[in-house]
Each structure stands twice: as C-alpha cells, then as structure tokens.
1. Just name the residue that is surrounded by the most Cβ atoms within 10 Å (Cβ to Cβ) out of those in the stretch A:166-194 that are in contact with a Phe, Trp or Tyr (Cβ under 9 Å, 6 or more places away or on another chain) and part of a loop (DSSP other than H, G, I, E, B).
2. Which one of the conditions (1) buried (at least 23 other Cβ atoms within 10 Å of the Cβ); (2) touching an Asp or Glu at 6+ places or on another chain (Cβ under 6 Å); (3) hydroxyl-bearing (Ser, Thr, Tyr) does B:Ser75 fail to meet, given that it meets all the rest?
3. Quick check, is A:Asp217 farther than 26 Å from A:Glu95 by Cβ and touching a residue at least 40 places away in the same chain (Cβ under 8 Å)?
4. Give me the pairs: first residue in the stretch B:28-48 and surrounded by fewer than 19 Cβ atoms within 10 Å (Cβ to Cβ), second residue of a type outside the set (S, T, N, Q) and assigned to a helix (DSSP H, G or I), beta-carbon distance under 7 Å, and six or more apart or on different chains, which are they?
5. State which residue is farthest from the other protein chains (Cβ to nearest Cβ) when the search covers only the stretch A:8-44 and only residues that are more than 22 Å from the chain's Cα centre (by Cα), at pLDDT 95 or above and part of a loop (DSSP other than H, G, I, E, B).
6. What are the pairs, 6+ residues apart or on separate chains, where a residue within the stretch A:157-177 that is free of Cβ contacts under 8 Å to residues at least 24 places away in the same chain has its Cβ under 9 Å from a residue that is assigned to a loop (DSSP other than H, G, I, E, B)?
7. Return yes when A:Ala160 is out of contact with any helix residue (DSSP H, G or I) (no Cβ under 6 Å at 6 or more places or on another chain) and either more than 14 Å from chain B (Cβ to nearest Cβ) or within 28 Å of A:Gly207 (Cβ to Cβ) (or both) and no when it is not.
8. I'm trying to understand the selection: among the residues of the stretch A:90-116, which are in contact with a Ser or Thr (Cβ under 6 Å, 6 or more places away or on another chain) and either surrounded by fewer than 23 Cβ atoms within 10 Å (Cβ to Cβ) or more than 11 Å from every other protein chain (Cβ to nearest Cβ) (or both)?
Amino acid sequence: MKAAAYDYARPLACDEAIALVAPTGGMGKFVSGSQSLGPMMNLRLAQPEMLVDLRGIAALRACRTEGEAVELGACITHAEIEDGKIETGTRGLMEYVAQGIAYRAVRNRGTLGGSLAHADPAADWINTMCALNAQYLVTGPTGARVIESGEWMAGAFTTALEPDEILTGVRFTRLSPTARWSYYKFNRKPGEFAEAIAVFIDDAARGVCRAVIGAIDAPPYAIDDARGLLHDADPGTSCFDAHLEAAGIEAGSYEHEVHRVALVRAAGIIRNQNGNAS
Amino acid sequence: MSDAFIMTIELVVNQATVAERVEPRTSVADFLRDQRMLCGTNIGCEQGVCGACTIEVDGVPTRSCITPAISCAGSAVRTIEGFDDDATMNELRAAFTAEHALQCGYCTPGMLMTARDIVTRLPNADDARVRLELSGNLCRCTGYVGIVRAIRRVLDARRARAAVPLAADAATA
C-alpha cells in the first residue's frame with residue numbers, strides 16, 4: 001500500500017522543527033530515517049498530516065564524551081554505530097547490537113533516536129538503553145528536559161515524549177575497562193524484531209550489575225541487581241523464573257520458554273568469560 | 001496526483017541532476033518507476049522487509065519503498081540502471097549468470113545492490129556472513145544457493161586480484 005497524503009518540511013534547527021509540529025494538534029510527527037514510521041505509514045497504521053524531517057539538523061548528529069559521560073546524538077544511524085564511527089564507550093556492546101538491527105540497507109538510514117522514539121518493545125536500542133540506564137535528552141517548546149531511563153517508555157509504542165518534543169540524544173555512563181556485557185536476542189530469522197531479548201552489564205568497578213528482560217509487549221524489565229543471576233544462581237533454579245514472573249511473563253507459556261532461554265544464555269555468556277573482559 | 005502538498009525537489013539520479021514535482025507521500029521507488037521510468041527497481045512488500053527495491057542513496061544501499069522521494073532531495077540516487085558501466089556490478093552479473101543465481105529476476109536488482117555492498121564492504125566475508133548479509137533480500141523462486149555461490153565467486157576473484165603483488169599488477173596494466 002501507499003502512505004496517505006501528508007505535508008513535509010526539513011528544517012535546519014530544533015526550534016524551527018518544534019514550531020512546525022506544535023500547531024498540528026498532535027497530527028504532525030517528527031521523522032528521521034523513516035525505517036519504522038515508513039512501513040507503518042505504507043500500511044496506513046500511521047497517518048500523520050505532516051512529517052517534519054529532522055535529518056537536516058546538524059546538532060542532532062553531535063556526539064561527545066565529558067568525563068565518564070557519553071552523549072550520542074539522536075540522528076546517528078545504526079550503520080555508523082555498527083562501523084565503529086562513533087565512540088560509544090560501551091566496550092563494543094552498541095557496535096554488536098547495531099549489526100543485528102534489521103538489515104544493512106535499513107541500518108544505513110534508520111537512527112538511534114528514531115528507534116527509541118518509536119519505542120517498539122522488541123527493538124534493540126530501547127532494551128540496550130535500559131541496560132545502560134541511559135537518560136533521554138529532550139527539547140520542546142518550553143526548553144530542554146531530561147527523562148530518566150525508567151520513565152521513558154510507558155508501554156508499547158508509547159513514550160514520555162510530548163507530540164511537540166524532540167528526542168535530541170541519550171546520555172549514559174561509559175563502561176569501565178573491566179566491564180563485561182552480553183546481549184542475547186532470539187528471533188526466527190536474522191533482522192526480524194526479537195521474540196526475546198536479554199542483556200547483562202556487569203561492571204563491578206562501577207558497582208553495576210544490571211540485566212534487562214526485553215521484547216515483552218511492555219517497557220523493558222530492568223533487574224537492577226543481577227548479581228544473583230550471574231554469580232549465585234544455577235541456571236536451572238527458580239531464581240530466573242522469579243524475574244520472568246515479575247516481568248509479567250506467564251509460566252508455562254511459549255513466551256516464558258523463549259525469554260527464559262534468552263536470559264539463561266545471556267547470563268551464561270558472562271559466566272563463560274571467566275573474569276576476562278569480552 | 002492530488003495537488004495539496006506537491007513540492008519540487010532536485011536530486012541526482014544516476015549522475016544526472018533532475019528537478020521533479022512530487023507528493024511528499026511518494027516513495028523514492030514509485031518516483032523512480034513512475035516519474036523517471038526507471039523500472040529496474042522492483043517493489044515487493046512495501047514495508048522494508050523483502051529487499052527487492054534496494055537502491056543506493058548517497059553511496060549506500062537503501063530501501064526505496066519506505067524512503068520518501070522528498071527526503072532524497074539534495075541526495076544522489078543510483079538505481080540498477082546506473083550500474084551499467086560499473087565493473088564490480090558487471091562482474092556480479094556475470095557471476096549470477098554463471099551460478100544460476102536468478103530465475104524470474106524479480107529480486108535480482110535488489111540482490112545485486114546488496115551483493116555489491118557485500119563484496120566491497122566485507123572483502124573477507126565467509127559463506128555464513130554472506131547469508132547473514134543476504135537475510136534482508138528475499139528470493140522466492142531460485143533459492144539462495146546459487147546467489148551465495150555467485151557472491152562467493154566475486155569475493156574470491158577480488159581477493160585473488162588483491163593478492164597480486166603491486167609490481168606484477170603494474171606490469172599487466
């Protein structure tokens with residue numbers, strides 16, 4: 001199918017973009033790569049009356065590190081991250097995740113911020129940013145604000161972003177040189193949206209041992225203290241099941257099986273690193 | 001075409017600068033086929049999954065069915081027709097023929113775009129990597145064995161040429 005008719009603009013600054021969307025009464029949408037919104041518009045699941053293309057705004061591609069903090073611009077593409085063109089400070093985690101997003105032709109155009117604002121629970125960045133406990137940097141008609149990781153997603157395809165606010169980037173603490181991570185995604189075909197995602201970040205030097213159960217029709221489920229899963233619990237024990245239950249996954253269901261396998265395997269990858277960084 | 005939102009865009013298509021009136025909702029795939037008569041770009045799923053519509057935008061493979069033409073204003077677009085004189089693409093075409101990598105040909109323009117990306121970007125790709133990279137291009141009749149073999153053939157040939165010492169290369173030039 002073809003998208004319904006809409007108006008289009010490609011401004012050069014955020015305030016200009018906000019001024020274009022603000023008067024549309026929620027019927028205008030910001031877009032960057034259009035690799036998620038494009039299909040939804042072709043299927044007419046989304047019918048915005050106006051698209052404001054953010055790709056002309058150079059500031060949204062800015063990335064910087066300040067001490068231990070890393071800031072990544074929203075309009076960085078998945079391919080740029082995959083190719084290591086951006087210093088992510090994640091010891092290869094984001095580079096690894098990027099190469100598994102959809103297909104190269106999609107990664108060439110799709111953006112970090114676009115994926116996060118789209119907030120598909122089965123997408124990669126939304127779960128990765130949860131694992132990194134990232135802050136979301138937002139700007140709107142009344143100025144800039146910061147949204148904490150746990151506040152970003154209210155539900156599937158729903159974020160804390162107001163219709164006239166732009167996600168300008170994300171900020172998180174870089175991983176220490178001894179940090180370890182694992183990322184396990186289950187899908188039937190490479191490039192599909194995941195049926196289950198599990199992420200571990202074990203950064204003892206920073207006192208962080210965090211895990212995420214993702215792709216669960218809801219915001220990512222964060223396990224703030226995952227030490228038990230990595231160091232104490234046998235993968236066969238109910239310790240894993242307790243977290244899956246808390247994440248709202250029904251015991252005995254197919255979903256429970258795939259999420260359990262993802263979580264156990266992601267934990268296993270860290271365990272098998274034997275104290276060596278990945 | 002309804003008149004409501006029509007805008008004029010300027011972009012480069014296969015090395016020629018063109019100015020065209022487009023509706024914002026027109027995908028670059030439809031723009032190329034309907035307004036530029038470049039029908040080598042095939043449309044399959046129209047949701048970015050099948051890869052048949054893959055073209056190059058600013059030098060990298062892009063899904064033309066989910067990318068609006070208007071978002072390509074100021075960009076350089078290259079379709080399969082724009083690769084007629086491209087040595088790597090011609091080598092791939094010959095390999096696709098030799099390895100029976102196409103039957104109906106519907107997926108072939110997109111396959112060739114992805115194949116060219118693989119052999120130029122990933123010179124050391126093994127068969128598993130080739131298959132992984134091809135996962136975004138669906139073929140429903142030939143099967144992938146011939147396609148993987150064709151790409152393998154070009155990868156190997158490029159590798160062999162790269163291994164020729166510079167002096168010998170210069171001597172034959």
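1. That would be A:Leu175.
2. (1)
3. The answer is yes for A:Asp217.
4. Close Cβ pairs (under 7 Å, with a partner that is of a type outside the set (S, T, N, Q) and assigned to a helix (DSSP H, G or I)) amount to B:Cys39/B:Arg33; B:Gly40/B:Ile80; B:Gly40/B:Glu81; B:Gly40/B:Pro109; B:Ile43/B:Ala29; B:Gln47/A:Pro39.
5. The qualifying residue farthest from the other protein chains (Cβ to nearest Cβ) is A:Ala13.
6. Close Cβ pairs satisfying both conditions: A:Glu162/A:Pro141.
7. No, not satisfied.
8. Residues satisfying the conditions are A:Met94, A:Val97, A:Thr111, A:Gly114.
The values are calculated or read from the model by the stated rules, or taken from the named source; none is laboratory data. Since the structure is predicted, the reported quantities are computational estimates derived from the model, not experimental observations. Don't worry about glycine lacking a Cβ; one is built from the backbone with ideal geometry, like all the others, and counts go over all protein chains shown.
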